[in-house]
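Enquirer: Quick one: the structure is below, questions incoming.
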Amino acid sequence: MGLMQKIVKNDAMKEDPPEIYGWRAFALACSACFGGLIFGVDTGAIGGVLRMPEFQDLYRLSPEYATDNQRANLSANIVSTLQAGCFLGALLAAHAADRFGRRPVLIWGAGGISLIGVILQAAASGHLAPMYIGRFVSGFGTGFASMVNPLYVAENAPRAIRGGLTGIYQLFIVFGIFLAYWINYGCIQHISGQARFLIPLVFQAIPPLLLMISMWLCNESPRHLAKQDRWEEAMSVLSTIRALPPTHPYVANEFAAIKASIEEENLLLDGTTWWSLQREMWAIPANRRRAIISILLMFFQQMTGTNAINYYAPMIFNSLGVRGESNELFATGIYGLVKLIAVIVFLIFVADSLGRRRSLIWTGIAMAGMMLYIAIFIRVTQPDPNSEEDVSAAGYVALICIFLFASLFQFGWGPVCWIYVSEIATTRLRATNVSYAAATQWLFNFVVSRAVPPMLVNLGVGGFGTYIFFAGWCVVMVVFCWFFIPETKGLSLESMNELFGMTEPLRAKDNEAASVDNGSRSDRKEISETPTVAQVDQAETPGNNTRAM
């Protein structure tokens, strides 16, 4: 515990009892985040598989079967079908997580469905239709995982280390990418025939199996249990994961805060139908602001260009002057290693110490610089993909920029977006908020993965315009964070309402109810027992909406 206190610098770490930072907190987070491993392994595997001659011959992707544009489009279709499934899965996951619980959705929705998709991909045997269907089904399961993973971890984590624990989701994504990159490299070096690409495809089955087994041993989220009026179970689970008795003041206070938060939200707006939740999210300024921030953060995350590199790293390294399949995949493996080291350093030393806002701003500025240099290098030197010349000195700097970009992304826009969107919403709206954010992430992940191969072919010499495009977006997202992102480091989930100005409608409701009880109805319109959304809007003070969107 002494070591953790030295590493994590926030007020909550100083105030809260050390017992709550035991092995259970980390075991729960790691178990759920096998869902991130599902996405990471697929992301890392598919780019290398698409470059393998055996796969290209079987699926008619080699130069003798198609032009460069046709090959780029077919590769983009294979990659992006997964994102289409992810988008749909993330949208439907909120309703499933609220109705059936976080734990069952992770076991059967994320793990089970992803496993079926992997089987279909491995059995496609040169037929595009089952390959597309398999990747769509895998994506559907991955979409469930992307929405429920951060939600489940945030609802179980102690507040002082919530950022680090939620960020484990990003760690597992990056670890999956790292594993898949090196499996691809090993297959290129030591395996021949169709087994060369089948091994990476079949390896995708391991993460969903690990997710299903590990989550079977875990508890349900205490906040979800409380939301379902299962208060005794919620208290029991909370006591267990905090490693403290139910009578301990810390557990009692946290449970009371959860109960008060849910009761206040229910008082403000009764009903939990889909339509009532949508009205609550979009008609109340404090909730609307949080929803828009969550959606835009995930949009900007994809506009950094990170998944352009993740999916097509071998192709991009080739465009920078790296020659030969083996060298391309080796450079890709180093890229994965750099990402892994960076995210580990972030989670240990930065996530709950530096803060969310500063991480996003400074990494955004630096990533824009990296992308701009790569664009200038490609435009000026115009490296020939078919040349046998070694990488130039300027080319090595461009490669270093790729690796620095990967590190910077892991220090900001990779893990921080997932941390932020999973912690800022109200208890009633948390699942819906994360669902919309995750769906946005997958929608623009799909757009980027589908657009990048044609962009690299058509946007100037060597596709240098692609990097200028992403550099411009990095600048835009820095401006957005500067003006619209408040800091949440060290705050409890229940205190987010105050940060985003949700307390004024609650106070207004309490005052109105008290006035009715006292019979003081003069000089005032009669109010109903439950206020309408419009009344809540009127109750919010202008001072709390200086940044409302």
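Enquirer: Would you pick out the residues in the stretch 418-454 that are hydrophobic (A, V, I, L, M, F, W, C), assigned to a helix (DSSP H, G or I) and touching a Leu at 6+ places or on another chain (Cβ under 8 Å)?
Expert: Answer for the stretch 418-454, where residues must be hydrophobic (A, V, I, L, M, F, W, C), assigned to a helix (DSSP H, G or I) and touching a Leu at 6+ places or on another chain (Cβ under 8 Å): VAL421, ALA431, VAL434, ALA437, ALA439.
Enquirer: If you don't mind, there's one more thing I want to ask. Looking at VAL153, VAL79, VAL137, can you tell me which residue is part of a helix (DSSP H, G or I), among the β-branched types (Val, Ile, Thr) and either within 15 Å of the chain's Cα centre (by Cα) or not assigned by TED's automatic domain parsing to the domain that holds ARG24 (or both)?
Expert: Criteria check complete, one pass: VAL153.
Enquirer: In addition: In the stretch 19-58, which helices (runs of 4 or more DSSP H) lie fully inside it and hold 2 or more residues that are modelled with pLDDT under 85 and either within 16 Å of the chain's Cα centre (by Cα) or under 20 Å from LEU198 (Cβ atoms) (or both)?
Expert: 34-51
Enquirer: Which one of these is in contact (Cβ under 8 Å) with a residue 40 or more places away in the chain and under 20 Å from PHE144 (Cβ atoms): ALA471, ALA406, ALA451, ALA431?
Expert: From the options ALA471, ALA406, ALA451, ALA431, the qualifying one is ALA431.
Enquirer: I've got another one for you. Within the stretch 109-126, can you find the residues that are surrounded by fewer than 20 Cβ atoms within 10 Å (Cβ to Cβ) and either β-branched (Val, Ile, Thr) or within 19 Å of ALA439 (Cα to Cα) (or both)?
Expert: Matches in the stretch 109-126: ILE116, ILE119.
Enquirer: Only helices (runs of 4 or more DSSP H) wholly contained in the stretch 266-319 count here; list those with 3 or more residues that are modelled with pLDDT of 85 or more.
Expert: Fully inside the stretch 266-319 and qualifying: 274-283, 285-303.
Enquirer: Of (1) in contact with a Ser or Thr (Cβ under 9 Å, 6 or more places away or on another chain); (2) at positive phi, ASP229 satisfies all except one. Which?
Expert: Unmet condition: (1).
Enquirer: Filter the stretch 174-189 down to residues that are under 21 Å from ALA154 (Cα atoms) and modelled with pLDDT of 90 or more, then give me how many there are.
Expert: So the answer is 1.
Enquirer: Only one residue in GLN83, GLN56, GLN70 is crowded, with 21+ Cβ neighbours inside 10 Å and farther than 20 Å from ALA439 by Cβ, so which one is that?
Expert: GLN56
Enquirer: Against the definition (at pLDDT below 90 and touching a Cys at 6+ places or on another chain (Cβ under 7 Å)), how does SER192 come out, yes or no?
Expert: Numbers: at pLDDT below 90: yes; touching a Cys at 6+ places or on another chain (Cβ under 7 Å): no.
Here the answer is no, as SER192 does not meet what is asked.
Enquirer: If you don't mind, another one. What pairs come up if the first residue lies in the stretch 211-228 and is among the aromatic types (Phe, Trp, Tyr), the second is buried (at least 18 other Cβ atoms within 10 Å of the Cβ) and modelled with pLDDT of 90 or more, and their beta carbons are under 9 Å apart, counting only those six or more places apart or on different chains?
Expert: Going by the 9 Å Cβ cut-off, the qualifying pairs are TRP216/ARG103; TRP216/ILE107.
Enquirer: Moving to a separate point now. Take the stretch 228-260 and flag every residue that is buried (at least 22 other Cβ atoms within 10 Å of the Cβ) and closer than 21 Å to GLU498 by Cβ.
Expert: Selection gives GLU254, ILE258.
The values are calculated or read from the model by the stated rules, or taken from the named source; none is laboratory data. Computed from a prediction, not measured in an experiment: that's the story for all the values here. Positions of Cβ are generated from backbone atoms using ideal geometry, with glycine treated the same way; all protein chains shown enter the neighbour counts.
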